[in-house]
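The values are calculated or read from the model by the stated rules, or taken from the named source; none is laboratory data. Being a predicted model, the structure only gives us computed values, none of them experimental. Using ideal geometry, Cβ is built from the backbone for each residue, glycine included, and neighbour counts are taken over all protein chains shown.
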Amino acid sequence: MKDEIFVLCDEIRETSFAIHKYLRHGHLEKVYENALAHRLRNQGKHVEQQHPLNVYDEDGTVLGEYFADLMVERKLIVEIKAVKTFVEEHQAQLLGYLRASRTEHGLLVNFGGPKLEIKKFILT
């Protein structure tokens, strides 16, 4: 299982790089989200866009709802940005999504700069 997730991350990195090479930077985040979802689906991956994630209190009360950009193969959250560079809030957002969904692995992908940025997070 561990190897599967790392292979999946590599495939997403390669696909993201191809998208960045083709589209370059300068588009809205939604364009990159749609492009990555489209290309991953063409590769036979199960991809859910704007995947809902509930945040619960200790007693199980729903406190709020997030929407992760992509949930890939029901085991990897991909959060997409189209900004000049990552800031701490982007990392905090993805970590919040991982904790809320009890998902172990996440990728933060930034298409907004002249160079593609990708960071992997593992919640253990």
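Observations on the structure shown:
- Matching residues, segment 18-30, being assigned to a helix (DSSP H, G or I) and either over 14 Å from the mean Cα position of the chain (by Cα) or within 11 Å of GLU73 (Cβ to Cβ) (or both): ALA18, ILE19, HIS20, LYS21, TYR22, LEU23
- Answer from GLU33, GLU14 - the residue that is part of a helix (DSSP H, G or I) and farther than 20 Å from THR103 by Cβ: GLU14
- Being crowded, with 17+ Cβ neighbours inside 10 Å and within 19 Å of ALA100 (Cα to Cα) is a description that does not apply to LEU40.
- Restricting the first member to segment 60-83 and to residues that are free of Cβ contacts under 8 Å to residues at least 60 places away in the same chain and among the small types (Gly, Ala, Ser), and the second to residues that are surrounded by fewer than 18 Cβ atoms within 10 Å (Cβ to Cβ) and not in a loop (DSSP other than H, G, I, E, B), the beta-carbon pairs closer than 8 Å and six or more apart or on different chains are GLY64/ASN54; GLY64/VAL55; ALA68/GLN50; ALA82/GLU29; ALA82/VAL31.
- Looking across segment 80-103 at every residue that is in a helix (DSSP H, G or I) and of a type in the set (A, V, I, L, M, F, W, C), the one that is farthest from GLN49 (Cα to Cα) is identified as ALA92.
- Scope segment 27-61; condition within 24 Å of GLY112 (Cβ to Cβ) and either at pLDDT below 95 or of a type in the set (Ser, Thr, Tyr) (or both); matching residues: TYR32, LEU53
- Pick from segment 39-79, criterion part of a strand (DSSP E or B) and small (Gly, Ala, Ser), ranking: nearest to ASP10 (Cα to Cα): ALA68
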